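Single-structure report; data block below.
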Amino acid sequence: MSYFEFLSQYGDRIVSGTLVTMALTVLASLLAVAIALAAGLMRMAPNRAVRGIATVYIEIFRGTSLLVQLYWIFFVLPLFGITLEKFTAGFVAVGMNLGAYGAELVRGAILSVPKGQWEAALALNMSPAKRMRRVILPQAVLIMLPSWGNLLIELLKGTALVALISVTDLMFQVKQINGTTFLSAEAFGTALVIYYVLARFMVTPFMRWLERFMMRKMGRV
């Protein structure tokens with residue numbers, strides 16, 4: 001079978017799996033950003049209990065395998081009465097895992113904002129919440145965006161693990177096709193190219209556009 005025959009016969013399944021992978025990536029990214037922002041700010045809270053909760057979450061999700069976390073969320077949580085549909089379990093696991101890494105990026109970026117900016121906001125008699133929202137966070141976002149670009153690419157690649165709980169993403173479809181045709185080079189080669197295209201021509205350009213947007217907003221262009 002030629003490669004063009006392979007694509008004509010299995011192209012629909014590959015496209016379907018790619019769309020599921022893209023949906024997983026978007027949803028997991030939104031969840032990861034939200035969790036990272038919340039946990040990063042909690043890590044800097046004056047209250048020790050709040051800091052402790054954030055620290056425990058970050059250490060657990062950074063210190064254990066994403067695959068184990070995925071299995072826990074899908075297979076173990078139902079034992080405690082919490083049942084998630086497999087697609088939901090997939091993006092929740094990936095989002096929570098990468099959110100733990102992102103939390104440290106958020107905290108590091110906030111601490112990297114020059115001390116003079118904190119003092120200037122304090123001199124303007126801003127409340128702590130307003131200082132963070134209006135002065136510190138916009139500058140911190142600009143600092144953390146390059147690192148977030150790398151993290152989102154890792155998130156995209158991490159979604160491949162959801163195939164192990166039968167989410168019909170790109171990797172699941174490719175494994176099914178390979179299992180029936182044994183055309184490993186064609187199947188996994190196609191997956192390799194698609195993951196690269198998604199990372200190189202979707203995630204990376206979006207993050208670069210976001211960096212330029214934030215730089216213009218901050219008046220640094």
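Each residue of the stretch 195-210 was assigned a 3J(HN,Hα) from its phi angle through the Karplus curve 6.51 cos²θ - 1.76 cosθ + 1.60 (θ = phi - 60°); the sequence is 4, 5, 4, 4, 6, 7, 10, 10, 5, 4, x, 5, 5, 5, 4, 5 Hz, with glycine and proline shown as x. Cross-link partners of residue 86 among lysines, defined as those whose alpha carbon lies under 25 angstrom from its own and excluding same-chain residues fewer than eight positions apart: 157, 175. Considering only the other residues whose Cβ falls under 15 Å of the Cβ of residue 123, what net charge follows from Lys and Arg at +1 and Asp and Glu at -1? Once all neighbours under 15 Å are counted, the net charge is +3.
Listed values for the stretch 24-41 are Karplus-derived 3J(HN,Hα) couplings in whole Hz (6.51 cos²θ - 1.76 cosθ + 1.60, θ = phi - 60°), namely 4, 5, 5, 5, 5, 5, 4, 5, 4, 5, 4, 5, 4, 5, 5, 5, x, 5, and x replaces Gly and Pro. What lysines does residue 217 reach when the alpha-carbon gap must be under 24 Å and sequence neighbours fewer than 8 apart in one chain are set aside? Filter leaves 115, 130. Return the FRET efficiency for the residue pair residue 26, residue 55: r is the Cβ-Cβ distance, R0 is 30 Å, and the value is rounded to the nearest 0.05. Efficiency, from the Cβ-Cβ distance: 0.60. Computed from phi, the 3J(HN,Hα) profile of the stretch 98-106 under the Karplus parametrisation 6.51, -1.76, 1.60 (θ = phi - 60°) reads 6, x, 5, 5, x, 4, 6, 5, 4 Hz, with x in place of Gly and Pro.
To the nearest ten degrees, helix 137-158 and the longest principal axis of the Cα atoms of the chain are 20 degrees apart. Loop-located GluC sites (Glu not before Pro) across the stretch 1-96 with a Cβ neighbour count of 16 or fewer within 10 Å are 85, with loop assigned by DSSP.
So, counting K/R as plus one and D/E as minus one, what does the shell of residues with Cβ under 14 Å around residue 14 add up to? For residues surrounding residue 14, the net value is -2.
Bear in mind these aren't lab numbers, they're just calculated from the coordinates by the rules spelled out. It should be emphasised that the depicted structure is a prediction, and the values quoted were computed from it without experimental measurement. Neighbour counts run over all protein chains shown; Cβ positions are idealised from the backbone, glycine included.
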